[in-house]
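Working notes for the structure below.
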Amino acid sequence: MGRQVAGPIPHTSIFDLRLSQRGRRLNRMCAALCSPAERDAFKRDEEAFIARFGLTEAEKDLIRKRDFQGMIDAGMNIYFMLKVGSVTGNGLYQMGAKMRGETYEQFLATRKIGDAR
Amino acid sequence: MGRIVGGIGLSHVPSIGPVVDRNRTQEPAWKPLFDAYVPVRDWLSRLKPDVAIVVYNDHGADFTFDQYPTFALGVAEDYAIGDEGFGTRPLPQVKGDLDLSIHLAESLIYEHEFDLTLCQEIAVEHGFLVPMNLCFPHSANDWPVRAIPLQVNVIQHPLPTARRCYRLGQAIRNAVESFPAQTKVVVMGTGGMSHQLQGKRFGHMNEKFDQWFMDQLEADPEGLAGITHQRIMEEAGAEAVELIMWLTMRGAVRGQRVHRHYYAPMTTGMGLITFEG
């Protein structure tokens, strides 16, 4: 049997313990967004919300700038990032288009049936 | 004695949830997917399973990385509907089978040496609910089967190997067969197929790999269990590694393949394969 994770894959993040450790503050913040009251708190006062999780200034900036690729690189898990997307009005495909460096329309044009969403 | 009457491998794409809730299943973009489940639902009404063991992964609705189990089994009378960040879907609570859960825990831990994390509360989310929606239409306040969640870590490496997932399925089969009640069980392996949701490779799919995976799952599951996480991620995308959960289903069910379907409209290869036990 080969090694389970043998090396980097181009343009791909492999979420392992090192990355998870780096992103632990961000992922805790995302987990809080599973509560409607916390989502309201985020929408009411985003700065006050993100101040509660001990994020570094650089991490806060990723949220402020909606820098989704930056969040992934900083150790935010993709499924946890979907919660930030949802509370900021960014669906998966909008976030995906940004990470690909495309507009939403350009990205949809690459799909077989862009209505399946 | 308990009996495995069927196994189902299927994808658990989250966008299917709202499509069900808003009655959009007959829209042209979604109809091909839901049509594929018409014969599967007929088959299931003939098999009349009492319990579905749903092998799935949580996506940060109820498990966080502060404590993250490799294999976690629900041992409860019922399971709440989780909120994974988009609100709680209007679905009836899921009824469990406490006796079967306790038997599975004892048999898997004592006899088969799978040291599971045991959970008296799990709020289930799309990884579990979308497969239930596709196979077991619910009424206003109930589901047609009892269900047991088996949560697998497929998102934070190191993940269990594909072979370990396959062996767990074989152990589940033995455990179900030693359950004293006449309980009919289906095992659902969920997730995948090819997809990647991050990085510049967002949207990557590989139908050739997905079809090969279903071929091998049917013809040579023991061989397929040797596949590495690296190979799945390279060929089918980082998030496709969820497919190792299909091997748990396959380990639990012997017998003939019945249905097979594939639909990949957007960013995920949505596969479906069933086996009759």
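The criterion of at least 2 residues that are among the acidic types (D, E) is met by the following helices (runs of 4 or more DSSP H) wholly inside segment B:194-277: B:207-219, B:229-236. A:R66 meets all of the listed conditions (1) within 12 Å of the chain's Cα centre (by Cα); (2) more than 9 Å from chain B (Cβ to nearest Cβ); (3) within 23 Å of B:H126 (Cα to Cα) but one, namely (3).
Checking each residue in segment A:60-112 for being among the β-branched types (V, I, T) and without any contact (Cβ under 8 Å) to a residue 12 or more places away in the chain picks out A:T103, A:T110.
Applying the condition of being among the small types (G, A, S) and farther than 23 Å from B:G251 by Cβ to segment B:52-107 and asking which residue is nearest to the other protein chains (Cβ to nearest Cβ) yields B:G85.
Taking segment B:1-114 and the strands (runs of 3 or more DSSP E) fully enclosed by it, the elements with 1 or more residues that are surrounded by fewer than 21 Cβ atoms within 10 Å (Cβ to Cβ) and not β-branched (V, I, T) are at B:3-10, B:71-74, B:78-81.
Looking across segment B:152-166, the residues that are assigned to a loop (DSSP other than H, G, I, E, B) and more than 9 Å from chain A (Cβ to nearest Cβ) come down to B:N153, B:V154, B:P160.
Is it the case, given these coordinates, that B:S15 is at pLDDT below 95 and either closer than 21 Å to B:M205 by Cα or of a type outside the set (S, T, N, Q) (or both)?
Details: at pLDDT below 95: yes; either closer than 21 Å to B:M205 by Cα or of a type outside the set (S, T, N, Q) (or both): yes.
Yes, satisfied.
Segment A:1-97 holds helices (runs of 4 or more DSSP H) entirely within its bounds, and those carrying 3 or more residues that are farther than 23 Å from B:T267 by Cβ map to A:17-22, A:24-32, A:36-44, A:46-50, A:57-64.
Conditions (1) within 7 Å of chain B (Cβ to nearest Cβ); (2) among the hydroxyl-bearing types (S, T, Y), marked per residue:
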site: A:S20; (1), (2): yes, yes
site: A:R24; (1), (2): yes, no
site: A:D40; (1), (2): no, no
site: A:A48; (1), (2): no, no
site: A:M81; (1), (2): no, no
site: A:V87; (1), (2): no, no
site: A:G91; (1), (2): no, no
site: A:Q94; (1), (2): no, no
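Scanning segment B:129-151 for any residue that is within 14 Å of chain A (Cβ to nearest Cβ) and either without any contact (Cβ under 8 Å) to a residue 60 or more places away in the chain or over 28 Å from B:P32 (Cβ atoms) (or both) turns up at least one such residue.
If only residues of segment B:251-277 that are under 21 Å from B:I172 (Cα atoms) and charged (D, E, K, R) are counted, the one that is farthest from the other protein chains (Cβ to nearest Cβ) is B:E276. Pairing each residue of segment B:154-167 that is on the phi < 0 side of the Ramachandran plot with any residue that is assigned to a strand (DSSP E or B), provided the two are 6+ apart or on different chains, yields C-beta distances under 6 Å for B:H157/A:D16.
Each row is one residue, and each column tells you yes or no for (1) over 14 Å from the mean Cα position of the chain (by Cα); (2) at pLDDT 95 or above.
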{"site": "A:G2", "(1), (2)": "yes, no"}
{"site": "A:P10", "(1), (2)": "yes, yes"}
{"site": "A:F15", "(1), (2)": "no, yes"}
{"site": "A:R18", "(1), (2)": "yes, yes"}
{"site": "A:Q21", "(1), (2)": "yes, yes"}
{"site": "A:L26", "(1), (2)": "no, yes"}
{"site": "A:R39", "(1), (2)": "yes, yes"}
{"site": "A:R44", "(1), (2)": "yes, yes"}
{"site": "A:E47", "(1), (2)": "yes, yes"}
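Against the test of being farther than 28 Å from B:L73 by Cα, away from every other protein chain (no Cβ under 14 Å), without any contact (Cβ under 8 Å) to a residue 12 or more places away in the chain and surrounded by fewer than 22 Cβ atoms within 10 Å (Cβ to Cβ), the options B:K208, B:K200 yield a single qualifying residue, B:K208.
The values are calculated or read from the model by the stated rules, or taken from the named source; none is laboratory data. What you are looking at is a predicted structure, and each value in this text was computed from that prediction instead of being measured. Here the Cβ is made from the backbone with ideal geometry for all residues, glycine too, and neighbour counts use every protein chain on show.
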